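Worksheet: one structure, shown below.
None of the figures in this text is laboratory data; all of them are computed from the coordinates on show. The structure displayed is predicted, hence computed values, not measured ones. Cβ coordinates were reconstructed from backbone atoms using ideal geometry, including for glycine residues, and neighbour counts include every protein chain displayed.
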Amino acid sequence: MPLTETQRVLTAKAAPLNDFTRALRRLHLDGPLLGGLLLICGFGLVVLYSAVGENMRLWLNQVVRLGVALVAMLVAAQISPEFLRRWTPWAYLGGLVLLALVLVTGEVGQGARRWLDLGIRFQPSEIMKLAVPMMAAWYLHDRPIPPRFSQIMIIALIIVAPTVLIARQPDLGTALLIAASGIIVIILAGLSIRLMLALAVLSVPGAYVLWNFMQDYQKQRVLTLLDADSDPLGAGYNIIQSKIAIGSGGLFGKGWTNGSQAQLEFLPERDTDFIFAVMGEELGLLGVLSLLALYMFVVARGLYIAIQAHSSYARLLAGSISLTFFVYVFVNTAMVTGLVPVVGIPLPLVSFGGTSMVTLMAGFGILMSIHTHRKLLPQ
Amino acid sequence: MDLLSPIKDRYSERRIFIGRVVLTSVFATVLLGLVIARLVQLQVFDYEHFAERSLGNRIRIEAVPPIRGLVFDRQGRVLAENLPAYQLELIPEQVPDLDATLQRLAALELINASDIPRLKDLSQSGPRFKPVALNLRLDDEQIATFAIQRPRFSGVDFRPRLVRHYPQGEYIAHAVGYVGALSTSDLEKLDPSRYAGTTQTGKTGIENSYESLLHGYSGYRHIVTNARGRRVPAESRDLKETLPTDEQPTPGDNLYLSIDLDLQALATRKLAGRRGAVVAMDPWSGEVLALVSAPSFDPNLFAVGMSQSQFQALQQDTDLPLFNRAVRGTYPPGSTIKPMLALAALETGATNLERRTVCYGVFMLPNTTHRYRDWKPEGHGEVDVHDAIAQSCDVYFYEISNEIGIDRMHDYLSRFGLGATTGLDVVGERPGLVPSKEWKRRAFRNPADQRWFQGETVIASIGQGYMLATPLQLATATAALATRGVRYEPRIVAAWENPLTGERTLASPVRLDDVELENDSNWDTVIGAMNSVMQGSRGTARAVGTGAPYRMAGKSGTAQVFSVAQDEEYDEEEIEERLKDHALFIAFAPVDNPKIAVAVIVENGSSGSGVAAPIAKAVMDKYLGYDDAAD
């Protein structure tokens, strides 16, 4: 006799959990997401070893950072979404204060004022990467969606305030990403398609205004994108060398640690922003497609978690975190392949450097928390 | 919660959300598709293009200089070779403290303390990874010193390279010449692709005139470099693809000179302590057997590189060691032209065998009072043309001079090659001067100076006045006397050899226009008289030639020194020394079957027969194999 639908569901739920799954549950971790992230990080460490010129010290450095980031993820996974939501406004306001502080007293590095030293050195903009979508989701949580126009304006304010502060540092790349994470919340909340199209049309004069606000080096990057070969030894050098690296990798690549562009230092920023080009050169099209597939798996799992989430806040936040992660991947790979201007955005979880990795992993911790703190199946 | 707010519809909200997730996913997929399409474009469709550009990025072509041809003397003895030498180098970017490093190297006497500012300047200009040569040639002791100290000098190392070396040093300096550092003006004249990688080029002598044969052709090899242009060993990086094929350099040809090292050495020793020149040649081929200019210098100084002070010392030496007197020194030929003038006089009928003159030691032109003196104040007594040559009687030639006339003198002397470059295969030759009326008209601006005077013909007949000749010209003229008019272009290089195949090419003698006489017996007269100069009972050089086992012919000459450069300071003894007459001698032997013709000039040597003749005799003895007793 065939099982009824209810019987089938109940039987499935009754299937015994094995020890590993149970341990993951207890730690509030999501198996598929964790697996995907670990695969990306593992892949990343392999590529990074080659990209830092087989420098063991630098490589171990990155391994330690990854460990710290995983701890951050674990901690974030323990915080229940409900608790997180209640503390969201305070996190957001605290982040704004710190950003303002950065502009006044921050440490200068490479022509920009991004760091704050309060016992530990950190970039307050990192907090905002999570605090902005959290705040937008918080605002919409108990309001009906799709939001009304006035509500959208308020969310726009929530987004614009930190974005402007960060752009003033100046850190255009991070500012754009943070704005994107907030806008994604609005879009997911059901912003009307008509309005979106209207905004897209408005973005043309907006781009003109933005152009006038841009620093010369930022304008140069845009111009360079449009015609890299006009200045092969100047601003166009990075893009040209990056394209040569990727293109010369072909289908299968030149072999791990054998990329002449990367190893002979023709490729600039080979272990940070341009690490994707190292991968393209040494591991070929198959290598980069494998990595992109892993990224997409993580994004898909994040969106699945968002759909499964039980509260509006959790849903919007989870969706924003997942899609912002995609934006990271897209902007970096598009930049390295010469599709968009060079903006200083690292390849997530692969590029050398720790701060952004901790934030990213904390974000994934929140995703896991959202998924594992659900009340299972409304009885 | 605000009770007035619209009621949240959980299910419709979730539906909206899912709808938006689908929408954004589609959008994201499109973006991802763009990136993937771009990757496919770069890595599949444009792969060849980028693969080539990546190769071009890191492969540099480095020139490999060819090995310079060797130079041998006529017996195969090495005159110029390439020796490995150790060069001390410094790579600026690897040196922590440049000043301290240079000071310490100077303290160990590995570099000259005086060179420190120059070396510092060199190290600070140019690419930081490019080695700077500190010392071009370390001697054995320095190599040992540095080998021990090497760990203390980061960024300093020694490297072997080939350095031109002249084992015979100053014996052959003026004949073979030397190589020196390639200058920018050299590069303008040379084919840059052929000289890529070459650091030295021939500056003088054979090294200069046979540069294109000696140099060979540069090859090239491919090297892997990084973005900053620094070389990366291809093996260590395990860069998979094979490099394009290298092109081996083609070595330069080896040269065999007609020069005989023994004669060079002998003549150099004979001129030791004097200023002068010796040129010896084979009259039947034009092959130059010896080409010596004294004082000489060590050509290795130029090949290795010398200090500023060493170079200044050479340049400022008042004996002019760098000056090649043999081809560039012009001297009044003095009485050495008398045999040729005697031929002119006999041929033109200005004199004949019967004509005799009583020489009282003085000659005056008709209707004038100026007294032209013979070198022998008491006179030679009664002389004919034979005696006039053998005893070098000036009065005899004074008397017939205006009967020959300056233009016919010019004509005959020119036939012997005087007054024009001989065409020797060493550049820088001077043409000397044989005056004529025509010449004087052109040479002077002032009409009063343009007229030719009879008195000028008188002194021209003893090789004084305007007349000038190089030792090389005198040697070629002597050779023409020896062969009774058959003339060859003088030539130092006898053959060249391809070092790879061993194939030799012989230089063929270049025969010039003969000196043709109406009456060939005039040769016998003049050559007989020249024989008497050396072996006759009253010959001026009988002290040199008498008793020799072979017959030789010669002619002495003494040339007045007209001026001493005004700006040079001499002490009184110096002045006296430098105002002495130049001593000249030309000779050939054996008379019946001439094998060698020689011209010798000893500056301020006073006596042609006393000082220059013994040198000519020694050279002939050596070459003809009679040197045991003579030397």
### Task
Would you point out the residue of segment A:137-159, among those that are within 14 Å of chain B (Cβ to nearest Cβ) and of a type in the set (Gly, Ala, Ser), that is surrounded by the fewest Cβ atoms within 10 Å (Cβ to Cβ)?
A:150
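Starting from residues that are facing another protein chain (nearest Cβ under 10 Å) and over 19 Å from the mean Cα position of the chain (by Cα), keep the ones in segment A:261-276 and report whichever is farthest from residue B:35 (Cα to Cα).
A:264
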### Query
Do you know which residues across segment A:281-304 are more than 18 Å from residue A:327 (Cα to Cα), more than 7 Å from chain B (Cβ to nearest Cβ) and crowded, with 18+ Cβ neighbours inside 10 Å?
A:281, A:282, A:283, A:287
### Summary
If you go through B:84, B:65, the only one that is within 30 Å of residue B:143 (Cα to Cα) and out of contact with any Gly (no Cβ under 9 Å at 6 or more places or on another chain) is B:84
### Query
Do the conditions hold for residue B:28, that is, is it under 45 Å from the mean Cα position of the chain (by Cα), buried (at least 16 other Cβ atoms within 10 Å of the Cβ) and not hydroxyl-bearing (Ser, Thr, Tyr)?
no
#### Entry: Residue list for segment B:576-593, restricted to those being surrounded by fewer than 23 Cβ atoms within 10 Å (Cβ to Cβ) and either free of Cβ contacts under 8 Å to residues at least 12 places away in the same chain or in contact with a helix residue (DSSP H, G or I) (Cβ under 9 Å, 6 or more places away or on another chain) (or both)
B:576, B:581, B:590, B:591, B:593
### Every residue from segment A:237-260 that is of a type in the set (Val, Ile, Thr) and more than 7 Å from chain B (Cβ to nearest Cβ)
A:239, A:240, A:257
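Taking helices (runs of 4 or more DSSP H) that fall entirely within segment A:254-361, which contain at least 2 residues that are of a type in the set (D, E, K, R)? Step through it out loud before you land on a result.
On the way: elements: A:260-263, A:275-308, A:312-336.
Of the helices (runs of 4 or more DSSP H) lying wholly inside segment A:254-361, those with at least 2 residues that are of a type in the set (D, E, K, R) span A:275-308.
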### Query
List the pairs whose first member sits in segment B:247-262 and is under 16 Å from residue B:195 (Cβ atoms), whose second member is β-branched (Val, Ile, Thr), and whose Cβ atoms are under 6 Å apart, counting only residues at least 6 apart or on separate chains?
B:249/B:64; B:251/B:67
### Query
Can you name the residue in segment A:23-75 that is in a helix (DSSP H, G or I) and in contact with a His (Cβ under 9 Å, 6 or more places away or on another chain) and, of all such residues, is nearest to residue A:369 (Cα to Cα)?
A:74
### Task
Select from segment B:578-604 the residues that are of a type in the set (S, T, N, Q) and in contact with a strand residue (DSSP E or B) (Cβ under 9 Å, 6 or more places away or on another chain) and list them in ascending order.
B:604
### Task
Please list, ordered by first then second residue, the pairs with beta carbon atoms under 9 Å, 6 or more apart or interchain, first in segment A:344-363 and on the phi > 0 side of the Ramachandran plot, second of a type in the set (D, E, K, R) and assigned to a loop (DSSP other than H, G, I, E, B).
A:353/A:271
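Tell me the strands (runs of 3 or more DSSP E) entirely within segment B:269-382 that contain at least 1 residues that are within 14 Å of residue B:600 (Cα to Cα) and not hydroxyl-bearing (Ser, Thr, Tyr). So that I can check it myself, show each step before the final result.
Values: elements: B:276-281, B:288-294, B:357-359.
The qualifying strands (runs of 3 or more DSSP E) are B:276-281, B:288-294.
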### Task
Answer yes or no: is there a residue in segment A:128-136 that is free of Cβ contacts under 8 Å to residues at least 24 places away in the same chain and either over 21 Å from residue A:356 (Cβ atoms) or within 14 Å of another protein chain (Cβ to nearest Cβ) (or both).
no
### Message
Quick check on my filter: what residues within segment B:520-543 are touching a helix residue (DSSP H, G or I) at 6+ places or on another chain (Cβ under 7 Å) and of a type outside the set (Val, Ile, Thr)?
### Response
B:522, B:528, B:529, B:530, B:532, B:534, B:535, B:536, B:538, B:539, B:541, B:542
